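Read the structure below first, then the notes.
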Amino acid sequence: MNNQKIRWTIFASLFAVIVVSYIITLKWRIPTSPSVQKSYDLIESLPPSSMVIVSFDHEASSLPEIQPISYIILRHLFSRNQRVIGMSLFAEGTAIGYQTLNKLAAEYGKKYGEDYVFLGFKPQHISAILGMGESIRQVFPQDYLGNYLAEIPLMSGVENYRQIAAVISLADGDRTVQWIEYTGKKHGLTILGGFTAAMITTYDPYLSSGQLYSAVGGIVGAAEYEGILGLPGKANRALLSQTAAHIFIVLLVIAGNIAYFKRRKGGK
Amino acid sequence: MDWGAVAAGLLTLAIYSFLYRDNPVYKFAESLLIGLSIGYALVTFWQTAILDKLVYPLFSHGQLLLIVPLLLGLMMFSRFSRRLGWLSRIPLALMIGAGAGSAIPAMLYERTLRQVSNSIQPLVTAGGQFNFSGLVVLVGLLSTLAYFYFSREHKGFLGSFAKIGTYFMMIFFGATFGYTVMSRMSTLIGRVDFLLTDFLHYLK
């Protein structure tokens, strides 16, 4: 078989493994990691009607990974009757954030402007993060729909970070680092992260130092959270495919190594 | 019928057709993605930066102070002129100065001092127990730093210690690569989920 055919076979086999394992439904218990448990415990411990900022700091390309995290965290927030201020520090995250908030809020019968609001996107994310510490209305005079913040009931009495219980940054890059750097020491904000798996090692040092309160990482993190809440969703289903794909890749690596050493031995 | 889902499904398949070989259908989907992304970003920036922060407050609410950033912004375009190009240095200097002023203290504290202080852990805890992870952090930190110490030749103790640093780095790179593979698999699973549920309606 030539290289091209080997490549096609690998792609087709991997696709088949993922599709078949995705169709199969298995009930399994996923052990919870300390960081996901800490995220859950924090939201549980917040008094009802606490103000929580959920920042959609990601692009559309990372939606398959971030969406299960944002869904389960918002479900938890709305089920605990917390008030959510949505925003985005990425242009592409704006429409995604607005749609996600509306969808999840509708599930729990939440009303726009009273239980949640979406402020939209601000360019120059560092200025936005710093500015919100002085006055949220200065940075976002209007919400995503063009309503003035002064006219939105949810925002009455919300001046700056002093009224915010926690910030949840859903990121596929280093935007959460900026939340940590520009609000950590100055405002002492509690910051939770929801990341793609690729970013987990980037945020590990911030987690162990306590600068980042807790994190939910990748599909696994979302599946763990779904497990604690007792709401198995897409992350739970995707985990079997994830496991099957990893096993398949490990087998390919082993097969590749065997083929390489055989060829080298034959050459000698 | 949800035409949005149909279009998204067909475009997903068009993108994956590249796995077979480069083809016009893939090229079309790729160009569409790039064009839409740039167009969306451009419109969003125009609305949130130019209109919301400058045009409406200046012309509708008479905030005359905004003439200053307007002029500074226009000065940026002087780079296109050889004669007036020097003017662009003024807004650039302001941007760099303000950026460095706000970034340096924050980064120095959060990215450097807090991280360094967390790396220095007592090897024996208050309860008298040996802190093994503290030792791993200490050896990992010092040996990795030794690898990047180029003022002396990496021979003898320094060479051996720097070698240990490379193993720590390899573990880090391996973990990062593993997580990245996991991330890419999640993206593929996400598209499979979309194809099976929203596009083909095979799953609910």
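Before moving on, here are some points about what is shown:
- Summed over segment A:5-22, the residues that are more than 9 Å from every other protein chain (Cβ to nearest Cβ) and farther than 13 Å from B:VAL192 by Cα give a count of 5.
- Within the option set A:GLU134, A:GLU181, A:GLU159, being out of contact with any Cys (no Cβ under 6 Å at 6 or more places or on another chain), free of Cβ contacts under 8 Å to residues at least 12 places away in the same chain and of a type outside the set (A, V, I, L, M) holds for one residue only, A:GLU181.
- Restricting A:GLY97, A:GLY93, A:GLY133, A:GLY120 to residues that are touching a helix residue (DSSP H, G or I) at 6+ places or on another chain (Cβ under 9 Å) and within 19 Å of A:ALA165 (Cα to Cα) narrows the list to A:GLY133.
- Of the listed requirements (1) more than 11 Å from chain B (Cβ to nearest Cβ); (2) within 12 Å of the chain's Cα centre (by Cα), A:LEU251 misses just one: (2).
- A:LEU101 vs. criteria touching a strand residue (DSSP E or B) at 6+ places or on another chain (Cβ under 9 Å), surrounded by 17 or more Cβ atoms within 10 Å (Cβ to Cβ), over 16 Å from A:ASP143 (Cα atoms) and at pLDDT 95 or above: no
- When we screen B:ARG83, B:ARG79 for residues that are surrounded by 13 or more Cβ atoms within 10 Å (Cβ to Cβ), more than 9 Å from chain A (Cβ to nearest Cβ) and of a type in the set (Lys, Arg), the only hit is B:ARG79.
- The single residue among A:SER70, A:SER88, A:SER61, A:SER55 that is surrounded by fewer than 16 Cβ atoms within 10 Å (Cβ to Cβ), closer than 16 Å to A:ALA171 by Cα and within 15 Å of the chain's Cα centre (by Cα) turns out to be A:SER61.
- If the condition is being under 30 Å from A:THR183 (Cα atoms) and in the same structural domain as B:MET169 (by TED's automatic domain parsing), then segment B:97-141 contributes B:SER133, B:GLY134, B:VAL137, B:LEU138, B:GLY140, B:LEU141.
- Residue identified as of a type outside the set (A, V, I, L, M) and away from chain A (no Cβ under 11 Å) among B:SER37, B:SER102, B:SER88: B:SER88
- Qualifying residue in segment A:104-123 (condition: touching a residue at least 40 places away in the same chain (Cβ under 8 Å) and assigned to a helix (DSSP H, G or I)): no
- Residue within segment B:104-122 that is aliphatic (A, V, I, L, M) and in contact (Cβ under 8 Å) with a residue 40 or more places away in the chain present: no
- Single unsatisfied condition, A:ALA259 versus (1) small (Gly, Ala, Ser); (2) closer than 27 Å to A:VAL17 by Cα; (3) more than 14 Å from every other protein chain (Cβ to nearest Cβ); (4) touching a residue at least 12 places away in the same chain (Cβ under 8 Å): (4)
- Within segment B:1-22, the residues that satisfy the criterion of being loosely packed, with under 12 Cβ neighbours inside 10 Å and not in a helix (DSSP H, G or I) are B:MET1, B:ASP2, B:ARG21, B:ASP22.
- With respect to (1) in contact (Cβ under 8 Å) with a residue 60 or more places away in the chain; (2) part of a helix (DSSP H, G or I); (3) under 22 Å from B:VAL181 (Cβ atoms), the lone exception for A:ILE200 is condition (1).
- When segment A:223-239 is limited to residues that are crowded, with 24+ Cβ neighbours inside 10 Å and in contact with an Asp or Glu (Cβ under 8 Å, 6 or more places away or on another chain), the one that is nearest to the other protein chains (Cβ to nearest Cβ) turns out to be A:ALA238.
- Selection from segment A:138-195 of residues that are in contact with a Pro (Cβ under 8 Å, 6 or more places away or on another chain), part of a strand (DSSP E or B) and either more than 14 Å from chain B (Cβ to nearest Cβ) or among the hydrophobic types (A, V, I, L, M, F, W, C) (or both): none
The values are calculated or read from the model by the stated rules, or taken from the named source; none is laboratory data. Note that the structure is a prediction, hence the values are computed from the model and not measured. Using ideal geometry, Cβ is built from the backbone for each residue, glycine included, and neighbour counts are taken over all protein chains shown.
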